[in-house]
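Asker: Could you have a look at this structure, given as structure tokens, before my questions?
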Amino acid sequence: MSVMGSRVCLSIFCVSVLAGGCAPPNAAIPYPSVAPVEGTPAAVESAQDAVSFLDREIRLAPFLSGFPYSNIDVDLEHGVMFYLERGDAYTLRAHTLAPLPKAGPRPPFSLEDAAAVSDVDWSKRSLWGVRWHAASNTLWLHADEKNDEQMNLWTLSLEDGALGQVTSADYVYSFGFSADQRTIAYLPRTGTRAPYRTCLRVMDVATREEREVICDEDKLRFTWSNIVFSPDKSHVYFNAQVDGDRTRVQLVEVDLRASTPRVVAVTDPNVSRSSPTALRTWRDGRLLFLANDDGYRNLYAYDPKGRRRQKVKQLTAYREDIGSAAVLDAGIALVHGTPRQSTFEVVGASDGRVEARRAVEGSVSILDGHGDELVWRKTAPDVVFAAVSTRVAPQPDRAEGGGRALVLEDAQVLGLSPALSSAVVACDARRVEIDTFDTDAASGEARKLHAFVLEPVRPVAEERRLVLVRSFYGGGNAYNVYDNILCAAGITVVSASVRGSSGFGKEFYALNNRDLGGMEIVDLFWVARWAEEQLKVPSARIGVYGRSHGGYATMRAMTFPEQYEEHARYPFGFGLAEAGFSDIVAFHDSTNIPDWVVLEAGDPQDEDDRRRLEDRSPVFGTARLQSPIFLLHGANDWRVPVEGSRKFVEAARANGKDVTYVEFEGQGHRVKGVSRNVDAWQERFDFLSEVLAKLGQPDSPTDGGGRDARPSPTPQQ
């Protein structure tokens, strides 16, 4: 099975799930409580898919549901695939895979004919993982009940669609099957705020009998993991943070046979690392895993029977991160690269020697691998989605140089029609590098930020041109629906990988640790000045936008001090902040990822840290807000609770600032469903139309009050 490398805290992978259920979720601890801003409706239902911006009509159906498939989970070993079909509701479907032919390509996947496995509207919940249990024809789900990320384990019968809740924890980090699928291990967390208590539990799948094996302690805190059993089920492997530190995560081992189980670190506790990722399939008695001990995410092997100091062996030494990997008969298939491009390779399982290599433009990730077949997906700014089946065929020894030759035989099994692709690829992308303020310690040269400039295929007149700078996480070499809808409206996007972005190694990733709202924001100012100079657009027409961490960064950029150390703020003309937090201390106390806050910003329990966190909280800087800002949030969000947006709106309006606020009832960290997104997009475009209208009438006073989401865009005092 595939192993994806990601920053778990803000992983944009989260989807949606389930209707019925049992235990109600624990409410997020409030900021303190702030009532919804008066006038904010529940999600406004709409039967239309068209939105308008100035003189343009943008049909959203092709973007939102033209290729309606997401969360594609391929299981080659069992010949099944599960995925969501997105529309106004999200439907979970199952597709049976035809056997791989002995020769020739795999036939394309036919998703349109696949059966729905339940009548649940998955847009109303979060679904983070699906695993099929073959013996009982049952899906095991890592899901919540109300879009609030109170994640638990559920089962869904593929015989009758019956849905059942298996666990009732405050939060389940992850789960994993044994190779024979008779046993599950999982990590349930207790408590709605740190410090949590998390225990390793092991359950018999058939009887549901379970036992608590061991619980964590301050020294090693259990966390998000790929949970893997040893082949004989005697041991289980998962991740634990040293003292709750996200930069010191260990792959650990627990002996299930021990009368007094202990947590033993497999990785070196003296080396800093982000979250290691264990592959589910063992090879030659060794557990394979990805880790960035040497500064980049590489492949390692752990031999439980090896000598004490030689149990872990590093198999690759790339100077860029491995994003995903899978075990095949011929070796280990993996993808490494940066947001600039990807390289696909098959390496030897014992020594990491490269047996086959191919460079691929865009972003590539492995969906699954089994036997001699690999299924992977590709996306790029101009490639919405393509799934490819690759047969990895061993060949006779090379005539020269010895070793094996592996032939890679590709067949595209899933993708968009040319007509649909043409309709939804609305941006022309070009890759650029942008200077910033400091020096790269590794090269000794001025640091440059990787970025993409996304220009509308159909540009607008210069006097109507707007530019939006993505605040965080930018620079991805992948298709982005949000950005392409902006391009369809004639808006240019500059998407840069500011410091703290993944894909450029551990050092760059850590540059904003304990500096949230500091130099990462200064990077944005340099990107905006570059856009002003290179794109010939005045600052009043350049905005900043983002969601989650990016929502905070947007609010912070627009409330930044005039002078910060030697750096001057940039006068953004407007901003769009979605699902963001505005009070860092309150966010730490109410989010389900407080360890992320400690890593990125500091510990609120430390007096000096707390003062810095308060100083960098946008809610306390709204008097510095000089331009209109748009906020959007889901009312059920627990990762970034909605009170952060409500408090910012309240404080900004108290200072007479121009704020537009939209809140969606029943939605979590993302707004899902076509009609809700149509409403959200019209609200965004109404806001941007008002921005342009005010630019066209520079002498007219602003109302200073902003507005709440309503069918009419009329501003309210």
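Asker: Search segment 264-286 for residues that are over 13 Å from Y300 (Cβ atoms) and pair each with any residue that is of a type in the set (A, V, I, L, M) and assigned to a loop (DSSP other than H, G, I, E, B) when their beta-carbon atoms are under 8 Å apart and the residues are at least 6 apart or on different chains.
Answerer: Qualifying pairs under 8 Å: R280/M1; T281/M1; D284/A349.
Asker: So, one more: For segment 158-167, indicate whether the set of residues that are of a type outside the set (F, W, Y), in contact with an Asp or Glu (Cβ under 9 Å, 6 or more places away or on another chain) and part of a strand (DSSP E or B) is non-empty.
Answerer: Yes, some residue in segment 158-167 is of a type outside the set (F, W, Y), in contact with an Asp or Glu (Cβ under 9 Å, 6 or more places away or on another chain) and part of a strand (DSSP E or B).
Asker: Could you list all residues from segment 238-260 that are without any contact (Cβ under 8 Å) to a residue 60 or more places away in the chain and of a type outside the set (V, I, T)?
Answerer: Result: N239, A240, D243, R248, Q250, L251, E253, D255, L256, R257, A258, S259.
Asker: Any residue at all in segment 506-527 that is small (G, A, S), free of Cβ contacts under 8 Å to residues at least 60 places away in the same chain and at negative phi?
Answerer: Among the residues of segment 506-527, not one is small (G, A, S), free of Cβ contacts under 8 Å to residues at least 60 places away in the same chain and at negative phi, which makes the answer no.
Asker: Hey, any hits in segment 128-147 for a residue that's outside any strand (DSSP E or B), buried (at least 23 other Cβ atoms within 10 Å of the Cβ), of a type in the set (A, V, I, L, M) and at pLDDT below 95?
Answerer: The answer is no, given that none of the residues of segment 128-147 is outside any strand (DSSP E or B), buried (at least 23 other Cβ atoms within 10 Å of the Cβ), of a type in the set (A, V, I, L, M) and at pLDDT below 95.
Asker: Within segment 361-376, is there a residue that is of a type in the set (S, T, N, Q), surrounded by fewer than 20 Cβ atoms within 10 Å (Cβ to Cβ), closer than 19 Å to F289 by Cβ and modelled with pLDDT under 95?
Answerer: No, there is no match, as no residue in segment 361-376 is of a type in the set (S, T, N, Q), surrounded by fewer than 20 Cβ atoms within 10 Å (Cβ to Cβ), closer than 19 Å to F289 by Cβ and modelled with pLDDT under 95.
Asker: Also, quick follow-up: Taking segment 336-360 as the search range and keeping residues that are of a type in the set (S, T, N, Q) and within 21 Å of K506 (Cβ to Cβ), which one is surrounded by the most Cβ atoms within 10 Å (Cβ to Cβ)?
Answerer: Going through the qualifying residues, I end up with S342.
Asker: Here's another thing I want to ask about it. Within segment 499-538, how many residues are more than 22 Å from E565 (Cβ to Cβ) and of a type in the set (A, V, I, L, M)?
Answerer: Residues that pass the stated criteria total 3.
Asker: So which pairs qualify, if the first residue must be in segment 585-603 and free of Cβ contacts under 8 Å to residues at least 12 places away in the same chain, the second must be of a type outside the set (S, T, Y) and not in a helix (DSSP H, G or I), the Cβ gap must be under 8 Å, and the two must be at least 6 apart or on different chains?
Answerer: Listed by first residue and then by second, the contacts come to nothing, as the list is empty.
Asker: Filter segment 260-272 down to residues that are among the polar types (S, T, N, Q) and touching a strand residue (DSSP E or B) at 6+ places or on another chain (Cβ under 7 Å) and give me whichever is farthest from F177 (Cα to Cα).
Answerer: S272
Asker: Within segment 104-117, is even one residue part of a strand (DSSP E or B) and either under 30 Å from D49 (Cα atoms) or among the hydroxyl-bearing types (S, T, Y) (or both)?
Answerer: Yes, some residue in segment 104-117 is part of a strand (DSSP E or B) and either under 30 Å from D49 (Cα atoms) or among the hydroxyl-bearing types (S, T, Y) (or both).
Asker: Considering only residues that are under 21 Å from R59 (Cα atoms), out of contact with any Phe, Trp or Tyr (no Cβ under 7 Å at 6 or more places or on another chain) and either free of Cβ contacts under 8 Å to residues at least 60 places away in the same chain or in a helix (DSSP H, G or I) (or both), which ones fall in segment 652-679?
Answerer: Across segment 652-679, the qualifying residues are V674, S675, N677, V678, D679.
Asker: Out of the residues in segment 222-259 that are among the hydroxyl-bearing types (S, T, Y) and touching a strand residue (DSSP E or B) at 6+ places or on another chain (Cβ under 9 Å), state the one that is nearest to T198 (Cα to Cα).
Answerer: T223
Asker: While we're looking at this one, here's another question. Of everything in segment 339-356, what is within 15 Å of A326 (Cβ to Cβ) and acidic (D, E)? Give them in sequence order.
Answerer: Scanning segment 339-356 gives E345, E355.
Asker: What residue, among those in segment 324-335 that are of a type outside the set (G, A, S) and closer than 16 Å to L408 by Cβ, is surrounded by the fewest Cβ atoms within 10 Å (Cβ to Cβ)?
Answerer: D329
Asker: Considering segment 575-599 alone, what residues qualify as being under 19 Å from the mean Cα position of the chain (by Cα) and of a type in the set (S, T, Y)?
Answerer: Across segment 575-599, the qualifying residue is only T591.
Asker: Further question: Please identify the pairs in which a residue from segment 307-326 that is hydroxyl-bearing (S, T, Y) and part of a strand (DSSP E or B) has its Cβ atom under 7 Å from the Cβ atom of a residue that is modelled with pLDDT of 95 or more and surrounded by fewer than 23 Cβ atoms within 10 Å (Cβ to Cβ), counting only partners at least 6 apart or on another chain.
Answerer: Close Cβ pairs satisfying both conditions: S324/S365.
Asker: Okay, next question. Check off (1) modelled with pLDDT under 95; (2) of a type in the set (G, A, S); (3) under 28 Å from V527 (Cα atoms) for A393 and give me the number that stays unchecked.
Answerer: So A393 meets the others, but not (3).
Asker: Related question: Out of everything in segment 413-445 that is of a type in the set (A, V, I, L, M, F, W, C) and closer than 23 Å to Y509 by Cα, what residue ends up being surrounded by the fewest Cβ atoms within 10 Å (Cβ to Cβ)?
Answerer: Out of the qualifying residues, it is A441.
Asker: Conditions: (1) within 16 Å of Y90 (Cα to Cα); (2) modelled with pLDDT of 80 or more; (3) out of contact with any Ser or Thr (no Cβ under 9 Å at 6 or more places or on another chain); (4) not basic (K, R). F67 meets all but one. Number of the miss?
Answerer: Result: F67 fails condition (3) only.
Asker: So which of G551, G575 ends up being closer than 25 Å to G475 by Cα and either assigned to a helix (DSSP H, G or I) or among the aliphatic types (A, V, I, L, M) (or both)?
Answerer: From the options G551, G575, the qualifying one is G551.
Asker: Provide a single number: the residues in segment 186-223 that are assigned to a loop (DSSP other than H, G, I, E, B), surrounded by 13 or more Cβ atoms within 10 Å (Cβ to Cβ) and polar (S, T, N, Q).
Answerer: 2
Asker: Now for a separate question. Where in segment 464-536 are there helices (runs of 4 or more DSSP H), lying fully within it, with 1 or more residues that are hydrophobic (A, V, I, L, M, F, W, C) and over 18 Å from R447 (Cβ atoms)?
Answerer: Once the helices (runs of 4 or more DSSP H) in segment 464-536 are filtered for at least 1 residues that are hydrophobic (A, V, I, L, M, F, W, C) and over 18 Å from R447 (Cβ atoms), what remains is 481-488, 519-535.
Asker: Run down V619, V649 and say which single residue is closer than 22 Å to I521 by Cα, part of a helix (DSSP H, G or I), aliphatic (A, V, I, L, M) and touching an Asp or Glu at 6+ places or on another chain (Cβ under 6 Å).
Answerer: Of V619, V649, the one residue that is closer than 22 Å to I521 by Cα, part of a helix (DSSP H, G or I), aliphatic (A, V, I, L, M) and touching an Asp or Glu at 6+ places or on another chain (Cβ under 6 Å) is V619.
Asker: Taking W154 and the conditions (1) touching a residue at least 60 places away in the same chain (Cβ under 8 Å); (2) within 24 Å of I366 (Cβ to Cβ); (3) assigned to a strand (DSSP E or B); (4) not basic (K, R), which numbered condition does it fall short on, given that it satisfies the others?
Answerer: Every listed condition holds for W154 apart from (2).
Asker: Check G474, G415, G490 and return the single one that is touching a strand residue (DSSP E or B) at 6+ places or on another chain (Cβ under 6 Å) and within 30 Å of P108 (Cβ to Cβ).
Answerer: G415
Asker: Hey, among Q310, Q250, Q241, which residue is modelled with pLDDT of 95 or more and more than 21 Å from the chain's Cα centre (by Cα)?
Answerer: Exactly one residue qualifies, and that residue is Q250.
Asker: Can you tell me which residue is farthest from G518 (Cα to Cα) among those in segment 446-455 that are among the hydrophobic types (A, V, I, L, M, F, W, C) and either surrounded by 14 or more Cβ atoms within 10 Å (Cβ to Cβ) or modelled with pLDDT under 95 (or both)?
Answerer: L454
The values are calculated or read from the model by the stated rules, or taken from the named source; none is laboratory data. The shown structure was predicted, so the numbers you read here are calculated from the model rather than taken from an experiment. For neighbour counting, all protein chains shown are included, and Cβ atoms are generated from backbone atoms with ideal geometry for every residue, glycine included.
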